[in-house]
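J.: Before we start, here is the structure in question, set down as structure tokens.
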Amino acid sequence: MTLRTHHSPQASRLSQPSRATRAVRMKRRLVLGMLAALLAWVPVHRWLVLRLDLNPWKFGGLAMYAAPAPKIGIGFYSTTGDGVLAPLEIPSRAEDQPLFLDFFARRRHAGMLVRPDALAARIFALDPSLQDLAIVITRRSLDAETARVVARRRGYRYRRDGG
Amino acid sequence: MAAGIRGPSLAQRVLALAGDDQSPTVHAAQLRSLQLALLLTVSFELTIYAAFRRVRAVVNVSGAFDRQPLAVAELALPLLLGLSLLAVVFARSRRARRWGAVGAAVAMAVVTVVLLPNTPNHYPMLTLAFGMLALCDPDDAAEQEIALHGLRWLFLIVLFAAGLQKVLYGLYFHGEYFAYRIATDVTFARPFEWLMPASEIERLRSLGGMVAGAGPYRSTWWPLTLVSNATYWIEMALPIFLLLRRTRNAAIIATLVFFLGMEVAPREVFFGAVAVQMTLLFARRDWNRVLLPLWTVLFIVLTLLRSLLPGLAFS
């Protein structure tokens, strides 16, 4: 004799979680997801600071006070007639200061995510005789191994014709 | 056949580690008080930031360093303030509280993104906090538990991660970070000038600042090295003691003392306030509700001080 199992619609509904229960479960998973994402971001942030020169104090990596905020410097160079790179004097104009200071601030925090393309365009506009330009960003930070300040330089080359 | 009774899932058990035996009514009150406290803190912080940034920009050009899309920040600020006020005035209305929480989370996310890359580091944490408060129904006991446990875990992760990052960056084992800051930051050095030998401070200041090759920034005064190493140990150990119910009360006091000590030198009032408010969420009593009037008075005084003394440095 075969036993038949009778499934009533009511029994089927009882075996399934209610909408409220499913909502609670989903929200619990979402909250856990947020926490897991935060925890996972910590080593990723460390890697990005090393790779992209980010400011450890920014971008929610929880590394404020782990290292001093880096300082940056900007140098402008152009190729002389002898083919040598020489420092370029940029005329200081009040109307250009927000552009330069804005770049300075953003580069200090966002590192290599911020390129000096707008600066280069402005400098070419200021000096029609300039054919090529090199912008060198120096980032100074405290090195853990030597406990000394180290400088890392990133250079960007531009040509008036866009090459 | 009767439906099987399922035990708590792994997710439930993990979150519940940060729980306690208080009633849902107590938890609901604690969450509402925390929400108000956080809204109050970030509203005042944004007000001071937006209002007095213009003064700095006029006083010296370095104000342009903090130049942000002002229009959007100014829109988010009144929105946050308005939501805070709504939450206070219409605290009995479930719908108003829910929409207020959603609005606060959205506004905080907008402010966090708009201020990039200069966003204060506690804003992403606040975005997550407001997000959890918005996600969970304030009148559903099960969802209240999720919000409470999630917020406690959020704070534990933040505290632990701060200590872990100090280990990863490697500038605390010989007091390097403290040595550098004492050498180059007069405000940071002030509390240490009372304790450290003047000769050690002079030696550090003679190392050359943030010039390439300057250093080595290592402490030769052993108490500073001890404090430096204790810092990350404490940050990584406190979350464990906050999690364990047996040690929770003592850990709450230790955490409060730790943050008060940490924030004295850099004068980070608003981050310190958020840290205290999140720590008090672990307590059995609704301390955030008790302290709301004190926070209000403190922030009003700070706003007045900043307007009267533009050179007064705090954040």
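Read-outs throughout are calculated quantities, based only on the coordinates presented, and are distinct from any laboratory measurement. The shown structure was predicted, so the numbers you read here are calculated from the model rather than taken from an experiment. Cβ coordinates were reconstructed from backbone atoms using ideal geometry, including for glycine residues, and neighbour counts include every protein chain displayed.
J.: Looking only at the stretch B:135-147, which residues are assigned to a helix (DSSP H, G or I), at the interface with chain A (Cβ under 7 Å from one of its Cβ atoms) and not β-branched (Val, Ile, Thr)?
T.: B:LEU135, B:ALA142, B:GLU143 - these are the residues of the stretch B:135-147 that are assigned to a helix (DSSP H, G or I), at the interface with chain A (Cβ under 7 Å from one of its Cβ atoms) and not β-branched (Val, Ile, Thr).
J.: Among the residues of the stretch A:116-163, count how many are assigned to a strand (DSSP E or B) and of a type outside the set (Gly, Ala, Ser).
T.: 18
J.: Residues of the stretch B:117-134 being more than 8 Å from chain A (Cβ to nearest Cβ) and without any contact (Cβ under 8 Å) to a residue 40 or more places away in the chain, which ones?
T.: Passing the criteria: B:THR127, B:ALA134.
J.: Would you mind finding the one in B:VAL211, B:VAL167 that is out of contact with any Leu (no Cβ under 9 Å at 6 or more places or on another chain), surrounded by fewer than 20 Cβ atoms within 10 Å (Cβ to Cβ) and in contact (Cβ under 8 Å) with a residue 40 or more places away in the chain?
T.: B:VAL167
J.: OK, next. Is there a residue being within 19 Å of A:ALA67 (Cβ to Cβ) and in contact with a Lys or Arg (Cβ under 7 Å, 6 or more places away or on another chain) anywhere in the stretch B:192-211?
T.: Among the residues of the stretch B:192-211, at least one is within 19 Å of A:ALA67 (Cβ to Cβ) and in contact with a Lys or Arg (Cβ under 7 Å, 6 or more places away or on another chain), which makes the answer yes.
J.: If you don't mind, another one. When you scan the stretch B:113-135, how many residues do you find that are surrounded by 19 or more Cβ atoms within 10 Å (Cβ to Cβ) and β-branched (Val, Ile, Thr)?
T.: Going through the stretch B:113-135 one residue at a time, the tally reaches 2.
J.: What number of residues within the stretch A:119-158 satisfy the criterion of being within 14 Å of chain B (Cβ to nearest Cβ), of a type in the set (Gly, Ala, Ser) and on the phi < 0 side of the Ramachandran plot?
T.: Qualifying residue count for the region: 3.
J.: Looking only at the stretch B:206-228, filter to residues that are within 14 Å of another protein chain (Cβ to nearest Cβ) and part of a helix (DSSP H, G or I); which one of those is farthest from B:GLU263 (Cα to Cα)?
T.: B:THR225
J.: What do you reckon, is B:ARG285 part of a helix (DSSP H, G or I) and out of contact with any strand residue (DSSP E or B) (no Cβ under 6 Å at 6 or more places or on another chain)?
T.: Considered against the rule, which asks whether it is part of a helix (DSSP H, G or I) and out of contact with any strand residue (DSSP E or B) (no Cβ under 6 Å at 6 or more places or on another chain), B:ARG285 comes out as no.
J.: Residues in the stretch B:148-185 that are within 17 Å of A:ALA69 (Cα to Cα), of a type in the set (A, V, I, L, M) and more than 7 Å from chain A (Cβ to nearest Cβ): how many?
T.: The qualifying residues number 4.
J.: Among the residues of the stretch B:172-192, how many are aromatic (Phe, Trp, Tyr), part of a loop (DSSP other than H, G, I, E, B) and touching a Ser or Thr at 6+ places or on another chain (Cβ under 7 Å)?
T.: Of the residues in the stretch B:172-192, 1 are aromatic (Phe, Trp, Tyr), part of a loop (DSSP other than H, G, I, E, B) and touching a Ser or Thr at 6+ places or on another chain (Cβ under 7 Å).
J.: Which members of the stretch A:35-70 meet the condition of being facing chain B (nearest Cβ under 7 Å), in a helix (DSSP H, G or I), surrounded by 19 or more Cβ atoms within 10 Å (Cβ to Cβ) and aliphatic (A, V, I, L, M)?
T.: Listed by number, the residues that qualify are A:LEU35, A:LEU38, A:VAL42.
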